[in-house]
Structure formats: C-alpha cells, structure tokens
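To start, the structure under review is shown below, and the notes come after it.
The values are calculated or read from the model by the stated rules, or taken from the named source; none is laboratory data. These numbers come from a predicted model, not from an experiment. Using ideal geometry, Cβ is built from the backbone for each residue, glycine included, and neighbour counts are taken over all protein chains shown.
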Amino acid sequence: MTTRGLLIIAGMFLGTFAILFLGKCGYGKLEIYQSIDSLVAHVRQEFPEVAPIDGATLQLYLQQDPPPLLVDIRGEAEYAMSHLPGAISLSSAVAILDHLEGSEKPVETVLLYGSVGLRSAEIARELAEVSPVRLFHLEGGIFRWANEGGELVSASGEPAARVHPYNSVWGRLLDEEKRGELEPEP
C-alpha cells in the first residue's frame, strides 16, 4: 500500500473516532433538553444557590399581602404572547435592580421566571450577589406552568392559551396545544 493510501485510511480512522467522541460528549447535553424534568434537575445542579419554587407554591405566594414582585425575564415577543397574571417584563438583572430602586413600596420577595428556568436562575444568581430581596425562580418556567394548566394572560390582559416556544427546539417541551407559533425568520 502506498503512503498516500495509508494516510487516507489513518485519516478516516481518526475522523471516525473524533465523530464518535464528539457525539458522546454532545449527547449528554442533548439528553438534558429532552424533558422539563431533566432541565429542572440540570438547573438545580448548575444553580444550587438559587431557591426554586414550584407552581403550587407560587400560587400560595401570589395570595400573600402584599404579593411578591413577579418578573417575566423573557423577551418582548414572548411576554406579549402570554405571561403569568400580574407579571412585569424585565429581562436583565440591571433592569430588575432599577425597578426595585424606583419602587414606591419596598419589595421583599422577587419571583423570576423564563421559558424553562435557565435564564431566570442565571438572573437570580446575579441579583443575589447585589440585592437583599428574597429571590426565587419558577422551576420549569412558564413551559411547565402552562403544561400544568397554570393561568396565562396576553399583553392585553385577556386569557391566553398558548406560550411563545422561544425556538423550535425548546418549543418541543411545551404540550402541543400550549405551543404558540414562531414568527417566520426573514
């Protein structure tokens, strides 16, 4: 066999192992995103210092007087399609801090939520370093809330039935009847 032939075979051999290795490394991450429950477990592991809250407990907190500040940290289009009743839209730690500082009444508790809980946990961790308020994030985010039949409203305050899916991959975590339509990309 020629040197060129040996190099081609060696290259194919090494390429195959590289693909198998990368596939094995990537599969673990893909597995995390296959269900809300696996994402919740992942968020708990990645953000152990962030206090989680489930939907039933959130309902109890919202009945307190005064209720906690409920913050939807998703983007404008996501919030406009649907959000939890009483939630305000603030998508960064800086915006939340500005809101807290400008609030007429002191806020003791802030409940954050996003699509599935990753972004809200990240922001809660950032806020915990600089703010004295009690912070919680909704486990499984608005996706789990909607899948479990939680109340949703649109930007106009009317009842809403669907949630913005963020993208086609994340949207698979929403029950089909709860999944909103994505805007076509330009």
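All but one of (1) among the polar types (S, T, N, Q); (2) farther than 26 Å from residue 42 by Cα; (3) within 15 Å of the chain's Cα centre (by Cα) hold for residue 103; which doesn't?
All conditions are met except number (3).
Answer yes or no: is there a residue in the stretch 119-131 that is closer than 12 Å to residue 68 by Cβ, buried (at least 24 other Cβ atoms within 10 Å of the Cβ), more than 9 Å from the chain's Cα centre (by Cα) and of a type outside the set (Val, Ile, Thr).
Within the stretch 119-131 (the criterion being closer than 12 Å to residue 68 by Cβ, buried (at least 24 other Cβ atoms within 10 Å of the Cβ), more than 9 Å from the chain's Cα centre (by Cα) and of a type outside the set (Val, Ile, Thr)), the answer is no, since none of the residues qualifies.
Counting only residues that are touching a residue at least 24 places away in the same chain (Cβ under 8 Å) and either more than 16 Å from the chain's Cα centre (by Cα) or not in a helix (DSSP H, G or I) (or both), how many does the stretch 168-177 have? If you could, list the steps in order and put the result at the bottom.
Start the filter on the stretch 168-177 by keeping residues that are touching a residue at least 24 places away in the same chain (Cβ under 8 Å), which leaves 169-170, 173-175.
Narrowing the set further to residues that are either more than 16 Å from the chain's Cα centre (by Cα) or not in a helix (DSSP H, G or I) (or both) leaves 169, 174-175.
Qualifying residue count for the region: 3.
Between a first residue in the stretch 46-60 that is touching a residue at least 12 places away in the same chain (Cβ under 8 Å) and a second residue that is of a type in the set (D, E, K, R), which pairs have beta carbons less than 6 Å apart while being 6 or more apart in sequence or on different chains?
Going by the 6 Å Cβ cut-off, the qualifying pairs are 47/125; 50/125; 52/139; 54/139; 55/148.
How many of the residues in the stretch 113-156 are farther than 18 Å from residue 47 by Cβ and touching a residue at least 40 places away in the same chain (Cβ under 8 Å)?
10
Only one of 159, 85, 165 is within 15 Å of the chain's Cα centre (by Cα), closer than 18 Å to residue 180 by Cβ and assigned by TED's automatic domain parsing to the domain that holds residue 60. Can you tell me which? Steps first, please.
Numbers: 159 fails: within 15 Å of the chain's Cα centre (by Cα); 85 fails: within 15 Å of the chain's Cα centre (by Cα).
Being within 15 Å of the chain's Cα centre (by Cα), closer than 18 Å to residue 180 by Cβ and assigned by TED's automatic domain parsing to the domain that holds residue 60 holds for just one of 159, 85, 165, which is 165.
With respect to residue 144, determine if the residue is surrounded by 14 or more Cβ atoms within 10 Å (Cβ to Cβ) and either touching a Lys or Arg at 6+ places or on another chain (Cβ under 7 Å) or of a type in the set (Gly, Ala, Ser) (or both).
Spelling it out, it is not the case that residue 144 is surrounded by 14 or more Cβ atoms within 10 Å (Cβ to Cβ) and either touching a Lys or Arg at 6+ places or on another chain (Cβ under 7 Å) or of a type in the set (Gly, Ala, Ser) (or both).
Select from the stretch 108-154 the residues that are part of a loop (DSSP other than H, G, I, E, B) and either within 14 Å of residue 39 (Cα to Cα) or modelled with pLDDT under 95 (or both) and list them in ascending order.
Those that are part of a loop (DSSP other than H, G, I, E, B) and either within 14 Å of residue 39 (Cα to Cα) or modelled with pLDDT under 95 (or both): 108, 114, 115, 116, 117, 129, 130, 131, 132, 133, 139, 140.
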